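Enquirer: Can you keep this structure in mind? I'll have questions shortly.
The values are calculated or read from the model by the stated rules, or taken from the named source; none is laboratory data. It should be emphasised that the depicted structure is a prediction, and the values quoted were computed from it without experimental measurement. Here the Cβ positions follow ideal geometry from the backbone for every residue, glycine too, while neighbour counts run over all protein chains shown. Only protein heavy atoms, including side chains, enter the accessible area calculation; ligands, DNA and RNA are left aside. Shrake-Rupley method; radii C 1.70, N 1.55, O 1.52, S 1.80 Å.
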Amino acid sequence: QVQLVESGGGSVQAGGSLRLSCAASRSISSFNVMGWYRQAPGKQRELVGTITNGGSTNYADSVKGRVTISRENAKNTVYLQMNSLKPEDTAVYYCNAKDFRYGYWGQGTQVTVSS
């Protein structure tokens, strides 16, 4: 059973930064792609961005230019660096990992941005 554990969430003022971490219970090289999603109250879960096993990244238009996803294979960890945060970035952020058979989710970490 794969476990993904997010950390790094918290409360920050608009314009601030946060770095979220997602630690996996097995080698992240075993996943084809890993990503970050978010879900705000009353809204559907939406993609923030992804990173492939080869290191290619893709970001949602709403966050492009403000976030960076990176990976540290030696620590089996993927990061989400978020800058210039806005109140509309407030959500629970989830880590996701996909291999050839399954998709896996973390438990989520809350990010709250105040104006």
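Enquirer: Given contacts defined as C-alpha pairs under 8 Å and at least six residues apart, what's the relative contact order of the range 16-67, whole-number percent? Don't skip to the end; give the middle numbers.
Expert: Working: 47 pairs, mean separation 13.0, N = 52.
RCO, the range 16-67: 25 percent.
Enquirer: Assigning unit charges at the beta carbon (Lys, Arg +1; Asp, Glu -1) and nothing else, what dipole magnitude in debye, to the nearest 20, does the range 31-83 show about its Cα centre? Let's see the in-between values first.
Expert: Numbers: 7 positive and 3 negative charges, 22 e Å.
So the dipole magnitude of the range 31-83 works out to roughly 100 debye.
Enquirer: Could you give log10 I(q)/I(0) at q = 0.10, 0.13, 0.22, 0.24 Å⁻¹ for the chain, computed by the Debye formula over C-alpha point scatterers of equal weight, without solvent?
Expert: Those come out to -0.26, -0.44, -1.23, -1.43, one per q.
Enquirer: Could you work out the Rg to Rh ratio of the range 26-85, with Rh taken as the Kirkwood radius (inverse of the mean 1/r over all Cα pairs)? Numbers along the way, then the final one.
Expert: Numbers: Rg = 12.1 Å, Rh = 12.2 Å.
A ratio of 0.99.
Enquirer: While we're on this one: Would you mind working out the accessible area per residue for the chain, using a 1.4 Å probe, and quoting it in Å²? All intermediate terms of the calculation are to be shown ahead of the outcome.
Expert: Working: 6000 Å² over 115 residues.
I get 52 Å² per residue for this part.
Enquirer: Can I ask one more? Could you give the dipole magnitude of the chain about its Cα centre, charging the beta-carbon of Lys and Arg +1 and that of Asp and Glu -1, in debye to the nearest 20?
Expert: Working: 12 positive and 7 negative charges, 25 e Å.
That gives a dipole near 120 debye.
Enquirer: Considering only DSSP states other than H, G, I, E and B, which chymotrypsin sites (Phe, Trp or Tyr not before Pro) in the range 67-115 qualify as loop sites with at most 10 other Cβ atoms within 10 Å? Mind showing how you got there, number by number?
Expert: On the way: sites: TYR79, TYR93, TYR94, PHE100, TYR102, TYR104, TRP105; in loops: PHE100, TYR102.
Hits after loop and neighbour filter: PHE100, TYR102.
Enquirer: Another one. Got the relative contact order for the range 1-100 handy, in percent, Cα pairs under 8 Å and 6 or more residues apart? Numbers along the way, then the final one.
Expert: Numbers: 202 pairs, mean separation 36.0, N = 100.
Normalised by residue count, the contact order of the range 1-100 is 36 percent.
Enquirer: Considering only protein heavy atoms and a 1.4 Å probe, what is the carbon-and-sulfur percentage of the accessible area of the chain?
Expert: Numbers: 2780 of 6000 Å².
After summing per-atom areas, the C and S share lands at 46 percent.
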